[in-house]
Amino acid sequence: MRTPSLCHAPQFVVEDLLWQEGFTDIKYVSGASSADINEAIVSGKVDFNLHFAPQWASIIDGGGAVTVLAGVHVGCFELFGKAGIRSIADLKGKAVGVAALGSSDHLFVSVMAAHIGLDPANDIHWVTSQSPTPAELFADGKIDACLGLPPVPQELRARNIGHVVVNSAMDRPWSEYFCCMLAGNREYVRKYSAATKRVVRAILKGADLCASEPALAAQTLIEGGFTSRYDYALQTMRDVPYDKWREYDPEDYTLGDCWRGRRGTDQSTR
């Protein structure tokens, strides 16, 4: 799907790689929200998509016809806070902006809060808004914190707005978990297993391209119309550790596991 999140770059730069795998009919379906992605993959409107691990876990737990195929990258989200918020624990009683309850930013912050003993439902004041976006509310001083996915962190840093409380590319245990994973519509995966393997191979090659040739990947995003800001695209390619997918076992290391209540060995309160 064509989404605003630039961390999905491996599936945005994959068109030529899919052609090399023998595919001739490649289409992107537009979607702006987590709900759009969830509905599209379950219904079969799209066959494959990258999405955040807690979303896939939630869909599967609800009986959705989705098959998770591979972990693609770690470290795409950053939590920004205003002065006085230095840790996840400081979110207690604070206003945190999210696109919607159940959205990826809501799930991510909830996972981190629950990990250090907060009750996400009662200890955090959730402010839901898509227009203006949570990042815009944060920039205007109307909320205390927001979670950004590329290109939001790149823009907030460029504008010197707030400070980073958690960087999932560097801070444990979140840096040890896949955040974005590739999944497919279950019926398609079962019916076309050979094609599915070729898609997985192409997407992972796309991740390698983002890691090894960030300038080329960023330019591909511009030419494909996925973003108009080359500087933010290039910074995203450099910030997100796209080369980590070989190091982790997706069956063991996903944020979806955390969403289901599992706890890592690192008890940091970051």
Query raised in the report: Plugging the Kirkwood radius over Cα pairs into Stokes-Einstein for segment 77-219, at a temperature of 4 °C and a viscosity of 1.567 mPa s, what D comes out in µm²/s?
Result: 76 µm²/s
Query - Translational diffusion of segment 94-137, µm² s⁻¹ [Kirkwood Rh, Cα pairs; Stokes-Einstein; 10 °C; 1.306 mPa s] - result: 152 µm²/s
Report summary line: Restricting to lysines and to Cα separations under 23 Å from LYS94, and discarding same-chain partners fewer than 8 apart, the set is LYS82, LYS142
Report summary line: Scattering profile of the chain from the Debye formula, Cα beads only, expressed as log10 I(q)/I(0) at q = 0.08, 0.10, 0.12 Å⁻¹, is -0.30, -0.47, -0.69
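Averaged per residue, what accessible surface does the chain expose to a 1.4 Å probe, in Å²?
On the way: 11970 Å² over 270 residues.
Accessible area per residue, the chain: 44 Å².
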Requested in this report: Take SER228, project a point 7 Å from its Cα along the Cβ direction, then tell me which residues of segment 23-40 have their backbone nitrogen under 16 Å from it.
Outcome: none
Requested in this report: Take every Cα pair under 8 Å in the chain that's 6+ residues apart, average their separations, divide by the length, and report that relative contact order as a whole percent.
Outcome: 33 percent
Query raised in the report: Bin by bin, in steps of 10 Å, what percent of the Cα pairs in segment 1-149 do you find, going until the bin that has the longest distance?
Result: 10, 36, 32, 16, 5, 0
Report task. At a 1.4 Å probe radius, which order do ASP16, ASP171 fall into by accessible area, largest first? Result -> ASP16, ASP171
**Report entry** Spacing of the two label points (7 Å from each Cα toward its C-beta) at ARG172 and SER33, in nm
**Finding:** 3.8 nm
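Averaging the inverse of every distinct alpha carbon separation and then flipping it gives the Kirkwood radius. What is it for segment 1-86, in angstrom units?
On the way: mean 1/r = 0.0681 Å⁻¹.
About 14.7 Å, per the Kirkwood formula over Cα pairs.
The values are calculated or read from the model by the stated rules, or taken from the named source; none is laboratory data. This structure is a prediction, so every number in the text was calculated from the model and none was measured. FYI the Cβ positions are ideal-geometry reconstructions off the backbone, even for glycines, and counts take in every protein chain you see. Accessible surface is based on the protein model in full, side chains and every heavy atom, while ligands, DNA and RNA are left aside. Shrake-Rupley method; radii C 1.70, N 1.55, O 1.52, S 1.80 Å.
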